[in-house]
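Undergrad: This is the structure, below, for whatever I ask next.
The values are calculated or read from the model by the stated rules, or taken from the named source; none is laboratory data. Since the structure is predicted, the reported quantities are computational estimates derived from the model, not experimental observations. Glycine gets a Cβ as well: all are built from the backbone with ideal geometry, and neighbour counts include every protein chain shown. Side chains are part of the model used for accessible areas, which takes the heavy atoms of the whole protein and leaves out ligands, DNA and RNA. Shrake-Rupley method; radii C 1.70, N 1.55, O 1.52, S 1.80 Å.
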Amino acid sequence: SATVQVQAAPSAGTPAVLNLCASGSPVDLLPVLGGADPGGTWTDPNGDPFTGPFDPTADPAGLYTYTVAGTAPCPSASATITVQLLTDPDAGADATLTLCSTGAVVDLFSQLGGTPDAGGQWLDPNGQPVTASFDPASGAVGNYTYVLVVPAPCVNDTAHVMVSVIPAVDAGLDGALLLCATDAPVPLFGQLGGTPDAGGLWMDPQNQPWTGPFDPSLHPAGTYTYQVDGTAPCPDDAATVVVAVEALPDAGVDGSTTVCPEAAPVNLFTLLGGTPDAGGAWTDPNGWPSNGVF
């Protein structure tokens, strides 16, 4: 007769890949192998003995080998775990951002506080993917979300930038106005071009507050400035109206003279009284044009 003994082969479990967060707690590797016999030995990625548990904050990532010694005639059995360390994602700290509607395009990533990791995804206030570039002239205001998506077991991280946009003020476009000294008063606001905002302040040519309207018989000609105060971060805006006033023409005061038929020609302009303006036109007693020399 013969006595036959069958020795059970050792089991080192099933090879596995383990993703761990770099800042996580220590982990026992043995259960990850699934069905491994206890009592085996570990070696780290450098081939050095490893006793565990695995500490993500101290131990290196890589290939960890678990070996269970066999009892003759069974050989030893080994299985490996590939440990991958994932850094806990940092989306940064929440921030608020107030822009002027006429401001430059802004990189939202640069507005996050802390030390955010790059490579995440931005979502607009409606949850739709967008780039990090925000244009205050066209972008929707609201809460923009920065999401860093990472494999398990790490947890995704998010941060927010609350964006508001202040409308820029508009003082309109520069204008010009030519009046006669006898014209009726004119409001200067209507002389501005574009679409100026109401409620601004006027300054006269001496940079003194002025309320208008412009009365050519009272107010000095010159540059009148209309200024609208902006709300931070929008700047103030200003536009000007250049007012010119033409004086009334002066033909002088009526004059008269008596001359002999044989007298020399007479320049009639010299006979006018007062301070007549030059450059006018003469007519004779019949209404015909005259050169002004009698």
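Undergrad: Of all residues in the stretch 108-159, which are among the charged types (D, E, K, R) and either in contact (Cβ under 8 Å) with a residue 40 or more places away in the chain or under 30 Å from SER25 (Cα atoms) (or both)?
TA: Those that are among the charged types (D, E, K, R) and either in contact (Cβ under 8 Å) with a residue 40 or more places away in the chain or under 30 Å from SER25 (Cα atoms) (or both): ASP117, ASP157.
Undergrad: Out of the stretch 77-97, which residues are open to solvent by 70 Å² or more (accessible area, probe 1.4 Å) and either part of a strand (DSSP E or B) or over 30 Å from THR145 (Cβ atoms) (or both)?
TA: If the condition is that a residue be open to solvent by 70 Å² or more (accessible area, probe 1.4 Å) and either part of a strand (DSSP E or B) or over 30 Å from THR145 (Cβ atoms) (or both), then SER78, GLN84, THR96 are the ones that fit.
Undergrad: Return yes or no: is VAL228 surrounded by 14 or more Cβ atoms within 10 Å (Cβ to Cβ) and touching a helix residue (DSSP H, G or I) at 6+ places or on another chain (Cβ under 7 Å)?
TA: Criteria not met by VAL228.
Undergrad: Another question, then. Please tell me if PRO73 is open to solvent by 70 Å² or more (accessible area, probe 1.4 Å), more than 30 Å from ALA137 (Cβ to Cβ) and in contact with a Leu (Cβ under 8 Å, 6 or more places away or on another chain).
TA: Numbers: open to solvent by 70 Å² or more (accessible area, probe 1.4 Å): yes; more than 30 Å from ALA137 (Cβ to Cβ): yes; in contact with a Leu (Cβ under 8 Å, 6 or more places away or on another chain): no.
No.
Undergrad: I'd like to check something: does the stretch 109-116 contain any residue that is more than 24 Å from LEU20 (Cβ to Cβ) and in a loop (DSSP other than H, G, I, E, B)?
TA: Within the stretch 109-116, the first condition is being more than 24 Å from LEU20 (Cβ to Cβ), and the residues that meet it are 109-113.
Going one step further and asking which of them are in a loop (DSSP other than H, G, I, E, B), we end up with 112.
Looking through the stretch 109-116, at least one residue is more than 24 Å from LEU20 (Cβ to Cβ) and in a loop (DSSP other than H, G, I, E, B).
Undergrad: Let me ask something else about it. Just the residues that are open to solvent by 60 Å² or more (accessible area, probe 1.4 Å), of a type outside the set (Val, Ile, Thr) and over 29 Å from ALA278 (Cβ atoms), please, taken from the stretch 231-248.
TA: ALA232, PRO233, PRO235, ASP236
Undergrad: For the stretch 21-58, give me the residue count where each residue is surrounded by 12 or more Cβ atoms within 10 Å (Cβ to Cβ) and in contact (Cβ under 8 Å) with a residue 24 or more places away in the chain.
TA: We begin by selecting, within the stretch 21-58, every residue surrounded by 12 or more Cβ atoms within 10 Å (Cβ to Cβ); these are 21-24, 26-27, 29-30, 32-34, 36-37, 40-45, 50, 52-56.
Then drop every residue that is not in contact (Cβ under 8 Å) with a residue 24 or more places away in the chain, which leaves 21-24, 26-27, 29-30, 32-33, 36-37, 40-43, 52-56.
Counting residues in the stretch 21-58 that are surrounded by 12 or more Cβ atoms within 10 Å (Cβ to Cβ) and in contact (Cβ under 8 Å) with a residue 24 or more places away in the chain gives 21.
Undergrad: Inspect all residues belonging to the stretch 140-156 and state whether any of them is open to solvent by 70 Å² or more (accessible area, probe 1.4 Å), at pLDDT 95 or above, small (Gly, Ala, Ser) and outside any strand (DSSP E or B).
TA: no
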